[in-house]
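Single-structure report; data block below.
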């Protein structure tokens with residue numbers, strides 16, 4: 001048995017069978033075999049801790065060498081040997097060559113599982129790089145194309161009512177779309193948030209069959225394509241009830257789309273509230289509504305905020321329902337009850353369909369503004385939702401302490417008053 | 001119900017007293033009851049009402065769609081599923097072409113997004129250094145929050161021009177596969193027009209993949225991060241490499257989440273409207289040539305036609321929407337079934 005040497009060089013699974021010491025088998029009856037491992041001999045070579053994550057100098061050299069040779073080979077292929085061209089083709093060929101060369105170099109010194117591991121590492125890393133690269137191009141491209149419009153101050157203060165497609169970017173802006181976005185989003189928040197939070201509480205507090213049914217239906221409605229929410233409101237509100245196309249109609253459509261999203265994520269957040277907090281509250285004799293109001297909701301507040309903000313981020317960017325229900329307007333409209341109202345995504349959508357470069361720049365400007373808005377909302381959600389249920393920020397902890405002191409004071413005073421009354 | 005259960009458990013837990021004390025009456029179990037005060041009754045009524053309200057709103061949408069769609073469905077009957085034209089005024093309409101187009105766009109989207117989302121999820125949970133992880137998670141979440149119209153603009157103005165090379169290459173070398181063939185294209189000639197490759201299902205699918213990718217990635221990352229540390233370290237302790245650990249422990253553990261996440265992304269891809277409407281040039285024929293110019297989807301059809309339709313045309317659009325909703329519903333429920341059924345899914349929720 002070469003137990004000692006294999007243990008000290010644990011590098012591959014292949015030698016696993018050697019690691020197991022020879023078992024001593026004692027037979028006790030037909031089906032009872034007890035395996036007693038023999039004591040391993042004391043190790044002669046000190047064991048080294050295996051490093052899984054870090055790159056060694058050897059690895060870096062291999063990667064660098066493979067990269068250099070892949071790029072040079074591709075340049076040779078593209079410039080001299082074959083009539084290949086195109087940036088994308090260059091990157092693709094270089095990438096494939098890199099992987100092949102890297103695998104070949106690695107296989108000189110390493111065992112097969114290690115080579116596979118190294119190649120897979122490269123593939124996993126590059127998939128993340130592709131994803132981030134795509135995101136970066138989306139952000140940079142949108143801002144770059146809209147920059148001509150974005151740098152004008154009037155872009156944020158004017159509307160397009162007196163600006164034609166041929167007018168320069170010094171005239172006109174998207175203030176009407178910004179205001180429209182804010183109004184539609186605000187109205188749909190007013191419609192959804194109270195209902196969604198109370199409904200999520202219902203899903204968590206009630207164990208009845210009705211709650212199960214509501215949960216199933218809400219889950220089903222998260223699958224509703226947003227265009228159908230728009231179509232529903234278009235037919236019911238505008239064709240059947242004969243109201244005008246308006247910001248209100250759009251916010252109803254957006255609410256129908258946002259409601260199941262917020263309910264589901266709030267439901268998940270409420271479920272994360274530690275059970276011992278609820279039980280402690282019940283044990284102190286609080287009725288259920290007090291438990292919910294004073295314990296469950298404050299504990300889950302940051303999570304509920306996060307789910308609301310993420311729901312809003314979805315709602316702000318919705319184009320299709322607004323297209324059907326609010327129409328397109330070029331002029332400022334602050335009355336949500338009548339006349340078309342436009343929001344930023346719809347403005348971007350309509351503006352880029354024009355063949356005029358200035359209109360396209362305005363469209364990209366609107367898209368960039370929208371993206372900025374979503375980014376702000378999103379960062380807000382990260383800041384608010386960064387803490388787990390029950391973990392407080394410094395200021396919150398201080399406030400909680402002050403509240404607690406006041407409670408103690410109040411209780412003591414009450415005891416003295418009662419004690420005074422008794423004696 | 002609870003009270004009787006309580007009694008039963010307390011009875012079995014009762015201490016058996018020695019013989020001499022048997023004559024003393026056994027301690028009777030405390031009856032537990034739950035009766036809310038006025039506040040609790042109000043609370044129950046309020047939450048119950050909200051549940052009912054949500055149920056009725058959601059039910060109203062579903063029932064209304066179904067009721068409105070009935071005239072159109074009654075007129076065409078079964079041929080609604082097999083006709084590919086869309087001319088409701090002449091009574092000739094069906095969703096064969098648009099539904100096929102929707103499915104093709106979604107298929108391209110998932111095929112492009114799945115490897116990237118899986119690789120990214122594994123990179124975040126297994127490969128990336130700790131300091132990078134939270135940044136990456138935030139960036140992927142941000143990607144999910146970018147509005148679809150922004151992706152649509154990106155696809156129309158940036159991607160479309162750069163993707164034609166790939167379309168041409170795929171057509172040239174894999175044109176013998178039925179879905180990569182393009183009518184009227186000559187891939188061998190470098191001077192041939194690029195317009196046969198623009199506004200295609202392929203381009204729209206890649207744009208939709210950008211929206212699908214983060215959704216899939218979030219679900220998969222969630223699942224991979226729940227791999228029991230014991231099994232993970234067990235694999236390492238047996239001398240496994242990192243990829244060995246991923247292959248033997250993480251992937252089998254997360255299988256339900258991978259399938260579920262992929263399908264959740266598919267559900268989103270099926271319903272996407274505005275990016276598809278921006279890119280694709282609508283056509284109504286049964287074609288599986290994804291690289292060819294033109295295509296369609298149910299949601300793009302609704303967004304394009306709702307305004308010019310009369311009552312019956314709207315009913316037809318409702319029927320198409322209903323069919324789309326049925327498909328996304330099936331996909332989403334199958335996804336949650338896969339996730340809930342997997343080992344990792346008991347606590348996760350997606």
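Of the residues making up the range A:359-394, those that are modelled with pLDDT under 85 and either touching a strand residue (DSSP E or B) at 6+ places or on another chain (Cβ under 8 Å) or part of a helix (DSSP H, G or I) (or both) are A:377, A:378, A:379, A:380, A:381, A:382, A:383, A:384, A:385, A:394. In the range B:321-330, of all residues being in contact (Cβ under 8 Å) with a residue 60 or more places away in the chain and facing chain A (nearest Cβ under 10 Å), the one that is nearest to residue B:77 (Cα to Cα) corresponds to B:322.
Scanning the range B:298-314 for residues that are more than 9 Å from chain A (Cβ to nearest Cβ) and out of contact with any strand residue (DSSP E or B) (no Cβ under 9 Å at 6 or more places or on another chain) yields B:308, B:309, B:310, B:312. Only one of the numbered conditions (1) in contact with a helix residue (DSSP H, G or I) (Cβ under 6 Å, 6 or more places away or on another chain); (2) buried (at least 24 other Cβ atoms within 10 Å of the Cβ); (3) in contact (Cβ under 8 Å) with a residue 12 or more places away in the chain is not met by residue A:228, and that is (3). Every condition in (1) surrounded by fewer than 24 Cβ atoms within 10 Å (Cβ to Cβ); (2) within 12 Å of chain A (Cβ to nearest Cβ) is met by residue B:264 except one, and the failing one is (1). Could you grab me the full set of residues in the range A:111-136 that are more than 7 Å from chain B (Cβ to nearest Cβ) and either touching a strand residue (DSSP E or B) at 6+ places or on another chain (Cβ under 8 Å) or in a helix (DSSP H, G or I) (or both)? Selection gives A:112, A:115, A:118, A:119, A:122, A:126, A:129, A:133, A:136. All told, residue B:53 falls short of being surrounded by fewer than 18 Cβ atoms within 10 Å (Cβ to Cβ), facing another protein chain (nearest Cβ under 9 Å) and over 29 Å from the mean Cα position of the chain (by Cα). Just so you know, in the range A:244-264 the residues that are within 13 Å of residue A:321 (Cα to Cα) and outside any helix (DSSP H, G or I) include one that is farthest from the chain's Cα centre (by Cα), and it is A:245.
Here is a check on your reading of the model: is residue B:203 in a helix (DSSP H, G or I), more than 9 Å from chain A (Cβ to nearest Cβ) and over 30 Å from residue B:247 (Cβ atoms)? Against the criterion (in a helix (DSSP H, G or I), more than 9 Å from chain A (Cβ to nearest Cβ) and over 30 Å from residue B:247 (Cβ atoms)), residue B:203 qualifies. In the set (1) in a helix (DSSP H, G or I); (2) without any contact (Cβ under 8 Å) to a residue 60 or more places away in the chain; (3) more than 7 Å from chain A (Cβ to nearest Cβ); (4) under 17 Å from residue B:322 (Cβ atoms), residue B:61 fails one condition alone, (3).
Just to be sure before I move on: is residue A:202 at the interface with chain B (Cβ under 7 Å from one of its Cβ atoms), assigned to a helix (DSSP H, G or I), more than 28 Å from the chain's Cα centre (by Cα) and crowded, with 23+ Cβ neighbours inside 10 Å in the structure I sent? So residue A:202 does not fit the description; no.
Looking at the structure I just gave you, is residue A:91 more than 19 Å from residue B:123 (Cα to Cα), surrounded by fewer than 15 Cβ atoms within 10 Å (Cβ to Cβ) and free of Cβ contacts under 8 Å to residues at least 60 places away in the same chain? Spelling it out, residue A:91 is indeed more than 19 Å from residue B:123 (Cα to Cα), surrounded by fewer than 15 Cβ atoms within 10 Å (Cβ to Cβ) and free of Cβ contacts under 8 Å to residues at least 60 places away in the same chain. Quick check on the range A:299-319. Is at least one of its residues within 14 Å of chain B (Cβ to nearest Cβ) and more than 28 Å from the chain's Cα centre (by Cα)? Within the range A:299-319, not a single residue is within 14 Å of chain B (Cβ to nearest Cβ) and more than 28 Å from the chain's Cα centre (by Cα). Going residue by residue through the range B:16-36, is there one that turns out to be at pLDDT 75 or above, surrounded by 11 or more Cβ atoms within 10 Å (Cβ to Cβ) and either within 14 Å of chain A (Cβ to nearest Cβ) or not in a helix (DSSP H, G or I) (or both)? No - not one qualifying residue is present in the range B:16-36.
For residue A:293, the stated conditions do not hold, so it cannot be described as within 21 Å of residue A:403 (Cβ to Cβ), buried (at least 20 other Cβ atoms within 10 Å of the Cβ) and free of Cβ contacts under 8 Å to residues at least 60 places away in the same chain.
Quick check on the range A:146-162: of everything there that is touching a residue at least 24 places away in the same chain (Cβ under 8 Å) and part of a loop (DSSP other than H, G, I, E, B), which residue is farthest from residue A:364 (Cα to Cα)? Once the filter is applied, the top-ranked residue is A:161.
Out of B:46, B:142, B:136, B:100, I need the residue that is assigned to a helix (DSSP H, G or I), within 10 Å of chain A (Cβ to nearest Cβ) and over 30 Å from residue B:250 (Cα atoms). Which one?
Only one candidate qualifies: B:46.
Out of the residues in the range A:205-243 that are in a helix (DSSP H, G or I) and more than 26 Å from residue B:271 (Cβ to Cβ), state the one that is farthest from the other protein chains (Cβ to nearest Cβ). Ranking the candidates gives A:209 first. Do we have residue A:175 as surrounded by fewer than 17 Cβ atoms within 10 Å (Cβ to Cβ), under 30 Å from residue B:339 (Cα atoms) and in contact with a helix residue (DSSP H, G or I) (Cβ under 7 Å, 6 or more places away or on another chain) here? No: the conditions fail for residue A:175. Every condition in (1) at pLDDT below 90; (2) over 24 Å from residue B:297 (Cα atoms); (3) within 11 Å of another protein chain (Cβ to nearest Cβ); (4) in a helix (DSSP H, G or I) is met by residue B:258 except one, and the failing one is (3). Looking at B:209, B:250, just one residue is under 29 Å from the mean Cα position of the chain (by Cα) and either in a loop (DSSP other than H, G, I, E, B) or over 20 Å from residue B:278 (Cβ atoms) (or both), and that residue is B:250.
Pick from the range A:320-332 the residues that are part of a loop (DSSP other than H, G, I, E, B) and within 18 Å of residue A:228 (Cα to Cα): which of them is nearest to the other protein chains (Cβ to nearest Cβ)?
A:327
Results for (1) surrounded by fewer than 24 Cβ atoms within 10 Å (Cβ to Cβ); (2) in contact with a helix residue (DSSP H, G or I) (Cβ under 6 Å, 6 or more places away or on another chain), shown as yes or no for each residue.
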residue: B:283; (1), (2): yes, no
residue: B:296; (1), (2): no, yes
residue: B:307; (1), (2): yes, no
residue: B:312; (1), (2): yes, yes
residue: B:317; (1), (2): no, yes
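The values are calculated or read from the model by the stated rules, or taken from the named source; none is laboratory data. Computed from a predicted model, the values in this text were never measured in an experiment. A quick note on method: Cβ atoms are made from the backbone with ideal geometry, for glycine too, and the neighbour counts reach across all protein chains shown.
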